[in-house]
Amino acid sequence: MVVAIGNPALRQAWQQVLEQVAAPLGVVLHPRAIVSATAQLGPGSVVLAGAVVDHDAICGAYSQLGVNCG
């Protein structure tokens, strides 16, 4: 499951509710995003089109990487 709310604080709050009931949290990864094989994406992360996540980067839980960020 992924909470599709743009506001990070609200997304985190709703995801924590899901975690309390042991719902599996996924990651949203746009097909045009580039994520290094050594990068780590936390549960509930969202990586949008054109975003680049370099090697050894750590994007913690509830992270959101917008369009074309890097």
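Derivation of every value follows stated rules applied to the coordinates shown; laboratory data play no part. A quick note: this is a predicted structure, and the numbers were derived from the prediction, not measured. As a convention, Cβ positions derive from the backbone with ideal geometry for all residues, glycine included, and neighbour counts pool all protein chains shown.
Tell me, what is a quarter of the convex hull surface for the C-alpha atoms of the chain, in nm² with one decimal?
Working: hull surface 17.3 nm².
Averaging across all directions leaves 4.3 nm² for the Cα convex hull.
Which peptide among 44-51, 58-65 comes first, and what is the full order, when sorted by highest mean count of other Cβ atoms within 10 Å? If you can, show how the numbers build up before the last one.
Values: 44-51: 19.6, 58-65: 16.8.
Result, highest mean first: 44-51, 58-65.
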